[in-house]
1. Consider the range 55-68. How many of its residues are touching a strand residue (DSSP E or B) at 6+ places or on another chain (Cβ under 9 Å) and either assigned to a helix (DSSP H, G or I) or under 21 Å from residue 38 (Cβ atoms) (or both)?
2. For residue 178, which of the numbered conditions (1) without any contact (Cβ under 8 Å) to a residue 12 or more places away in the chain; (2) under 28 Å from residue 38 (Cα atoms); (3) touching a strand residue (DSSP E or B) at 6+ places or on another chain (Cβ under 8 Å) fails to hold?
3. From the residues in the range 148-186 that are touching a helix residue (DSSP H, G or I) at 6+ places or on another chain (Cβ under 6 Å) and within 16 Å of residue 103 (Cα to Cα), which one is surrounded by the most Cβ atoms within 10 Å (Cβ to Cβ)?
4. Tell me whether the range 111-131 contains one or more residues that are in contact with a strand residue (DSSP E or B) (Cβ under 7 Å, 6 or more places away or on another chain) and farther than 20 Å from residue 206 by Cα.
5. Go over the candidates 147, 155, 113 one by one and state the one that is more than 20 Å from residue 31 (Cα to Cα) and modelled with pLDDT of 95 or more.
6. When you scan the range 69-86, do you find a residue that is under 21 Å from residue 200 (Cα atoms) and in contact with a helix residue (DSSP H, G or I) (Cβ under 9 Å, 6 or more places away or on another chain), even just one?
7. Please tell me if residue 52 is free of Cβ contacts under 8 Å to residues at least 60 places away in the same chain, part of a helix (DSSP H, G or I) and closer than 22 Å to residue 29 by Cβ.
8. Out of 107, 103, which single residue is closer than 16 Å to residue 66 by Cα, under 16 Å from the mean Cα position of the chain (by Cα) and surrounded by 21 or more Cβ atoms within 10 Å (Cβ to Cβ)?
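The values are calculated or read from the model by the stated rules, or taken from the named source; none is laboratory data. Since the structure is predicted, the reported quantities are computational estimates derived from the model, not experimental observations. Note: ideal-geometry Cβ built from the backbone for every residue, glycine included; neighbour counts use all protein chains shown.
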């Protein structure tokens, strides 16, 4: 059953293809500007976003819950350290990183998991390090659809539980962890141009000295 779920999940992920997201490209440019050399990527998946950092000379360590995704990342040429496990079980090492990039993962966690995840990421940042999250917005077309589980938290017909952020909940969750700014970004489906783009929020935090 686990193998079937993993295969189904990866198949849906791979609908997005191998091109990096726009938010990964924007983050790569920002990290280069800030001289970020060593980053952690929770939810690295099959590696489509990691490559843009690696090709720019940034050292990447990944985390992913799916061994299938990790195997695909290896087949995709990612010869890097990837921890196999849930982000809910962080940290996997005692290393501190210059930066953290996490795309489209945090909204899949419940309130307690999100709180722990943000804290764990912050703890693994070096002083003056940056962490950048992209999360689905309440402006996304799937907001409000499916079974309501809590405020702004729904289970889709495919069984995926999603929390939808807005400016108030971004501020509430991230302000204690060095929130610098947040902005909207529409992520097009580069592999299936007939699919609508999805509205995300990019959240940038800095760990002050």
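1. Qualifying residue count, the range 55-68: 8.
2. (1)
3. 163
4. Scanning the range 111-131 turns up no residue that is in contact with a strand residue (DSSP E or B) (Cβ under 7 Å, 6 or more places away or on another chain) and farther than 20 Å from residue 206 by Cα.
5. 113
6. Within the range 69-86, none of the residues are under 21 Å from residue 200 (Cα atoms) and in contact with a helix residue (DSSP H, G or I) (Cβ under 9 Å, 6 or more places away or on another chain).
7. So residue 52 passes the test.
8. Sole residue among the options that is closer than 16 Å to residue 66 by Cα, under 16 Å from the mean Cα position of the chain (by Cα) and surrounded by 21 or more Cβ atoms within 10 Å (Cβ to Cβ): 103.
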